[in-house]
Structures are given as C-alpha cells and as structure tokens.
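Here is the structure we will look at.
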Amino acid sequence: MNLVTQGSSGRHVSVLPTVLVIGALAIVQRVLSAVANYQQQAFSYQVHHAAEERFLGRAVTIDIPYLDDPGFHERMIRASKTSMTRPFAVTGEVVTFCAQLVAVVGLVGVMSAVHPALLVVIAGSVAVTAVAQARVSKNVYATDLQNSRSFREMYYRRHLMTNEAAIKELQGLGAAHHMRRQHTDLQRWYEASLAAVYRKGQGEALVAGAISALLLTVAYWFVARQGLAGTLTAGDLFLVLGAFTSVGAIVSGLSGSLVALQGHAPYLRDYFDFLDLRQRLPVRPDPIPLPATVARTDEATQPSPAQPGLTLKNVTFTYPTATRPALRGIDLEIAPGEMVALVGDNGAGKTTLVKLLLRHYDPQDGQVLVGGVDLRDADPTELQSRFGVLFQDFVHYNLTVRENLQLGRVERKASDSDLWTALHAARADFVQDLTMGLDATVGKGYEWCQDISGGQWQRLSLARLMYRNADVWILDEPTSALDPEAEVEVFTQLRENLSGRIGIIISHRFSTVRIADRILVMQDGQITEAGTHEELLDLGGRYAHLFDLQAAGYR
C-alpha cells in the first residue's frame with residue numbers, strides 16, 4: 001500500500017506518521033480498556049460512597065425547622081436518590097469519555113490530513129444527534145421535578161407496606177390491597193409521564209438521525225470523489241474510510257457521554273443544593289459558655305449540687321407557615337431540682353415550648369435562657385449535651401441493649417456497672433432475662449433479635465435517658481405504654497434520680513403529673529394556671545375540670 005499520496009497540486013502527503021500514531025494510540029486504548037474495566041468499578045464505588053457520606057453528614061446536622069417544611073422533604077428525597085445512583089453513573093461516564101477522547105485524537109489526524117472540512121461534517125452529524133438527546137434529558141428531569149410529589153406519595157405508600165405497625169393496621173382495616181393499588185396507580189402515572197417524554201424524544205431523534213445520516217453521506221461522497229480523482233490510492237481510501245467510520249463511532253460515543261453527563265447535571269444540582277442549605281439558626285462565632293454542669297466521668301451518676309436553671313422571658317413565637325402565635329408572652333422560671341409538668345389540650349403550645357427550650361426554633365420576641373445565658377449566644381453542641389429528651393414517638397433501635405443505652409451519650413466510656421445502674425433506675429430489669437443480657441440484640445430487624453414488648457421498649461428508652469446523665473430531662477408521655485403500677489414505680493424512681501436536675505413532663509395522664517412539684521396548664525399558647533395538684537384542684541379552673549373528666553372514667 002502506498003503510504004505517500006500526491007495531491008492535485010503535486011504536493012506529497014505522507015500518512016505514515018498518522019498510521020504510527022494510530023497504532024500507538026490503539027495499544028494505549030487496549031491497555032487502558034483492560035485496566036479501566038476494573039479500576040472504573042472500584043473508583044466509581046469510592047465516589048458513590050463519598051457522595052453518600054456527604055449527604056448523610058448534612059442530613060444529620062440539618063436544622064430542625066427544615067423538618068417542619070413539607071417542601072424540604074421533597075428536596076431531601078431528590079438529593080437522596082441522587083446520592084445513591086448518580087455519582088456512580090457519572091464516574092463511569094467520565095472514565096468512558098476520557099478513554100474515547102484518547103482514541104479519537106489520532107483518528108482525527110487522519111481525517112484532517114485528507115481535508116479539514118471532513119471534521120466539520122462529522123462534528124455536525126454528531127451535534128445534531130447530541131442536541132436531540134440533550135432535549136430528552138432536559139425533559140426527563142423536568143418531568144421528574146413536576147412529579148416529585150407523586151413520587152413522594154408513592155415512596156410513602158411503599159414505606160407503609162413494609163412497616164410492621166402499618167402492615168398490621170392495614171390488614172386489620174382490610175386496606176392493604178387498596179394501599180398497594182394506590183402505589184401501583186402512582187407508579188403507572190409516573191411511568192406514563194416518562195413514556196410521553198420519550199415518545200416525543202423518539203420523533204426528534206428520527207429527524208436528527210436523518211440529518212446526521214445525510215451529513216455522513218456527504219462526507220462519504222467527498223472521500224469517494226477523492227479516490228476517483230486519484231488523490232487517494234485504493235489503500236489510502238480504505239485507510240481513510242476505516243478511520244472515518246471509527247471517528248464517527250467514537251465521536252458519537254463522546255457525544256453520548258457528554259449528553260449523559262448533561263442529563264445527570266440537574267440531579268447533581270439537587271444534591272449540591274441540599275449540601276449547601278443555609279443555616280436557619282445563626283451560630284455565634286464566640287459563644288458564651290454555659291454555667292458549670294454535671295461532671296461527666298465514668299463514675300458520675302449524680303449531678304453536682306448547683307445546676308443552671310431555665311428561664312423564659314416574655315416569649316412569643318409563631319411558626320413560619322402560621323398566621324397566629326403558638327406561644328404568647330410566656331414568662332417562666334424552672335429551678336434546679338424542680339420537676340414541672342405541662343398539661344393542656346392538643347395544640348395548646350406544650351410541644352412548641354419544648355422546641356424553644358431545645359432551640360429547634362428561636363422566638364420572635366423574648367428570651368430563652370439556661371443559667372442566665374441566652375440560647376442564641378450558646379454553643380449549640382454544648383447546649384445539646386445539657387438536655388436529655390424522651391419523645392413519645394421514640395425510635396426502636398434494633399441494636400444490642402448495650403448500644404441502645406450508649407446512644408444516650410456516645411462519647412462516654414462507661415462500664416457494665418454504669419449500664420446496669422441506668423437499667424435498674426428505669427425499672428428495665430427484664431434485660432437480665434434476655435439471652436446474652438447487655439449484648440442481646442432487641443427488636444425484629446434481624447433473625448437473631450429478641451423481641452420485647454412496647455412497655456419494655458419504653459423502659460429501655462428511659463434507661464437511655466438515665467445513662468445520658470443530662471442536666472435537663474424532658475419527657476413527652478414517658479409512660480404511655482406502661483400499666484398503672486409500673487407507671488408509679490418509674491415515676492418514683494425518676495423523682496429520686498432528679499437530684500438537682502430539672503425535669504419537664506408532658507402528659508395527659510393526671511396520675512403522672514400529680515407527682516410534679518409544679519403543674520403548668522397551657523391554653524391557646526399561654527400559661528393560664530400554675531401550682532401543685534392540690535392547689536389547682538382548689539382553684540377549680542381548667543385543670544380541675546380536666547381532672548374531673550378523667551377521674552370520672554374510673555368511677
């Protein structure tokens with residue numbers, strides 16, 4: 001084969017250097033392909049795990065007010081989906097793109113040696129297809145965004161159909177299959193929306209394909225004319241046509257990778273927007289230290305005598321999406337060693353008051369102070385360490401008993417004796433009867449778990465609160481799953497273990513709240529009555545009315 005051609009001007013064009021470059025690049029490509037096939041998988045998993053770690057790192061530090069925003073949950077689900085799938089796919093596309101880019105460089109040299117216009121024709125044919133693919137990717141994302149609510153509803157129904165408590169209730173109601181049909185309908189609606197996008201994309205792809213084929217035909221015609229005119233020998237023609245075909249295929253691959261990356265871009269934007277969510281609660285750069293607190297050592301089981309008290313001064317708070325205040329002009333002081341109970345109708349403001357104490361929100365007016373320090377001036381991490389909270393909807397952790405308790409304060413190095421002390425204080429002695437005791441895994445999450453009752457779960461969560469050894473205990477319906485006798489035992493123990501701490505109880509059971517030093521009655525965002533159980537009965541107000549209603553059920 002003649003590797004030196006003579007153009008119409010008599011100029012000799014050698015393609016030997018190009019052939020050598022092509023050969024060298026082919027070797028490089030083969031080697032890279034062999035290595036990349038394995039390294040790409042390992043690297044993709046590393047990128048995926050790094051993205052997942054960043055997502056989870058932001059999720060666990062999110063400001064609590066975000067959780068009350070319905071729109072936030074859709075953003076979180078979109079970011080979660082992206083972190084689980086897109087980084088892996090993007091990494092693969094980038095690696096593929098780089099490998100194809102290396103291969104195409106030498107082949108482009110062959111094309112330009114024949115005529116630079118061929119590169120323009122090839123680029124044009126690829127661009128037409130790329131534009132059509134990019135439009136489809138853009139429309140797919142727009143459809144995903146438009147149907148994010150439907151997807152969230154579908155995801156929620158799926159969660160219900162795989163949740164133990166929900167399955168029992170749905171089957172008991174005879175609504176399990178109804179829930180499945182709703183999930184199926186939402187899924188089909190979502191699939192139909194995407195199908196419509198792809199049908200439209202197919203029409204555009206047909207037009208783009210026709211234009212691309214026409215441009216390629218023009219390029220082949222041009223090369224054939226060069227051969228007929230004698231500018232290229234038969235061997236040269238074969239070489240150029242082969243390079244032409246390879247370039248077209250590889251450049252199409254490059255285009256496909258670029259389009260795929262473009263398709264991933266808006267989803268990745270959701271992910272990075274989630275990571276960049278602004279802090280809703282400002283943090284002071286030079287926080288004021290809180291007063292001295294419990295000495296938290298492995299041996300510490302009791303707080304020091306002097307503990308910081310809680311103060312609310314003329315506190316008014318309105319939720320961002322509400323039109324009327326949830327709290328209005330609250331003035332309250334709780335001294336160290338005092339147990340206070342909050343009672344009132346649903347929506348009276350009890351939980352909102354607790355949220356302000358935990359600094360889930362800042363009041364629009366007034367101050368919330370711990371030991372005289374405004375919560376807005378304190379270090380959030382230090383503030384969080386001072387509180388121990390037991391919510392009514394506490395989580396059942398399918399972990400060992402030891403791990404369940406240690407979640408109360410993970411930085412504390414405690415002995416088995418400390419753990420058993422917390423369990424005894426919560427009347428959770430049932431742990432002694434579990435196989436492996438502290439190292440028994442409780443729940444139903446694994447086949448090796450040991451199931452425990454609802455009351456035992458509640459005792460275990462109380463033990464976790466005891467183990468936390470915080471300055472302030474906040475308990476929301478802490479004994480709702482216990483029988484009356486067990487309730488009396490637990491609260492007697494709680495009262496004995498208070499020892500200088502502040503205890504705040506939210507409860508609708510008056511057998512629970514009467515043990516408190518002070519009972520606060522809340523109504524319409526205000527504290528309307530305050531006193532001991534006997535004082536409030538003598539007052540004959542709202543508390544006495546509610547107590548009589550509840551007591552009537554036992555007569």
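Observations
- Zone of GLN146's modelled label, taken as backbone nitrogen in the range 263-293 under 18 Å from a point 7 Å along Cα→Cβ: 266-267
- If R0 is taken as 51 Å, the Cβ-Cβ distance between ASP69 and LEU214 corresponds to a FRET efficiency of 0.45.
- Taking the average, over residues, of other Cβ atoms within 10 Å as the packing measure, peptides 470-476, 135-141 rank 470-476, 135-141 from highest down.
- FRET E, pair GLN46, ARG284, Förster distance 45 Å, beta-carbon r, rounded to 0.05: 0.75
- ARG514-ASP548 pseudo-label distance in nm [points 7 Å out on the Cα-to-Cβ vector]: 1.6
- ALA292-ASP185 FRET efficiency (beta carbon distance; Förster radius 45 Å; 0.05 resolution): 0.15
- Gain in span if fully extended, GLU496 to GLN364, counting 0.36 nm per residue against the direct Cα distance: 43.8 nm
- 24 Å Cα-Cα reach of LYS168 towards lysines, excluding residues that sit fewer than 8 places from it in its own chain: LYS444
- Using bins of 5 Å that start at zero, the share of Cα-Cα pairs per bin across the range 373-517 amounts to 2, 9, 20, 22, 20, 14, 9, 3, 1, 0, in whole %.
- Whichever lysines have a C-alpha closer than 23 Å to that of LYS313, once near sequence neighbours (fewer than 8 apart) are set aside: LYS350, LYS355
- Centre separation in Å (Cα based) which lies between the range 505-526 and the range 386-406: 24
Taken together, the values in this text are just the output of simple stated rules run on the coordinates, not laboratory data. Just so you know, these numbers come straight off a predicted model, no measurement behind them. All Cβ positions, glycine included, derive from the backbone under ideal geometry; neighbour counts span all protein chains shown.
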